[in-house]
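What follows is a short report on a single structure.
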């Protein structure tokens with residue numbers, strides 16, 4: 001797989017507090033990277049750097065070998081709190097991004113906009129079906145949907161831009177366990193179908209192992225210090241059962257490796 005994302009000697013300082021220091025990381029196209037770590041270790045900061053919503057204090061973030069200083073359509077973002085407009089229907093929420101990118105506010109007054117809008121709505125309905133929602137849900141407003149349904153719409157909102165990279169920041173943490181499990185299976189299925197490069201931030205090691213082809217743990221040597229990559233673990237596909245799920249025994253073994261590993265160690269797991 002070719003390299004898609006490179007973080008070179010990244011440092012981030014807020015006021016006098018250093019959050020990240022000399023962080024080096026490469027991510028290949030098509031990887032599903034789950035990022036774990038304690039609160040305040042810089043997981044969300046790293047996602048914002050890759051998104052282009054934040055600049056490092058030192059170092060470089062390269063996407064396809066280039067520095068991209070602001071967000072663009074190639075990097076989708078799904079936050080913990082659903083980023084839906086409450087005054088727009090589900091369909092309008094999903095199509096808002098491509099409509100604004102292609103036309104802007106003034107362009108929406110042209111005849112071509114209405115023709116293109118119909119095409120985008122057809123595509124949005126396809127994403128609704130892909131997310132396990134009904135076409136009739138497209139006419140609803142966010143407050144008429146459950147939390148899990150809102151998160152599905154937020155994912156569709158990001159995917160309709162057809163991003164190369166999808167960044168998900170604690171995207172399932174507010175969901176109940178049953179809904180969360182369904183969303184985990186859905187996202188892994190979407191990844192398998194699209195090959196989109198995904199970075200998924202979570203506190204939950206089991207969730208990270210279930211989802212990721214790779215698990216990265218950020219942490220600190222010193223509670224008062226800055227964070228770095230403490231552990232980087234490949235999760236080979238042959239550790240998964242026919243259903244695509246990592247079995248409970250294998251899950252426990254991999255979690256034990258993560259929790260008991262030495263600092264900065266990278267392992268290729270030999271399963272069997």
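Structure notes:
- Sequence of 46, 251, 149 once ranked by neighbouring C-beta atoms within 10 Å, starting from the fewest: 251, 149, 46
- With neighbour counts taken as other beta-carbon atoms within 10 Å, the residues 211, 84, 68 rank, fewest first, as 68, 84, 211.
- Extending 7 Å from the Cα toward the beta-carbon at both residue 251 and residue 74 defines two label points whose distance is 3.6 nm.
- Gain upon complete extension [residue 85, residue 15; 0.36 nm per residue less C-alpha separation]: 21.9 nm
- Sorting the segments 192-199, 60-67, 155-162 by their residues' average number of neighbouring beta-carbon atoms within 10 angstrom, most packed first, yields 155-162, 192-199, 60-67.
- Burial ordering of 82, 14, fewest other beta-carbon atoms within 10 Å first: 14, 82
- Listed candidates (i) 33, 23, 16; (ii) 32, 28, 15; (iii) 28, 21, 20 - label of the one calculated as semi-axes √(5λ) of the Cα gyration tensor in Å: (i)
- Spin-label proximity, residue 62 to region 1-25 - amide N less than 20 Å from point 7 Å beyond Cα toward beta carbon: 1-12, 21-25
- With kT/(6 pi eta Rh) evaluated at 20 °C and eta = 1.002 mPa s, and Rh the Kirkwood radius from Cα pairs, region 117-206 diffuses with a coefficient of 155 µm²/s according to Stokes-Einstein.
- Once the Cα gyration tensor of region 86-162 is diagonalised, semi-axes √(5λ) in Å: 22, 12, 11
- Shape call, region 17-82: gyration tensor on alpha carbons, a/c limit 1.5: rounded
- Antiparallel DSSP beta bridges within the chain, as percent of all bridges there, nearest 5: 50 percent
- Scoring 31-38, 183-190, 135-142 by mean Cβ neighbours within 10 Å over their residues and listing the highest first yields 31-38, 183-190, 135-142.
- Per-residue [θ]222 nm for the chain (sum of -39500 (n - 2.57) over DSSP H runs n ≥ 4, rounded to 500): -11500 deg cm²/dmol
The numbers here are math on the coordinates, done by the rules we state, and not lab data. Please read all numbers here as calculations on a predicted model, not as lab measurements. Cβ coordinates were reconstructed from backbone atoms using ideal geometry, including for glycine residues, and neighbour counts include every protein chain displayed.
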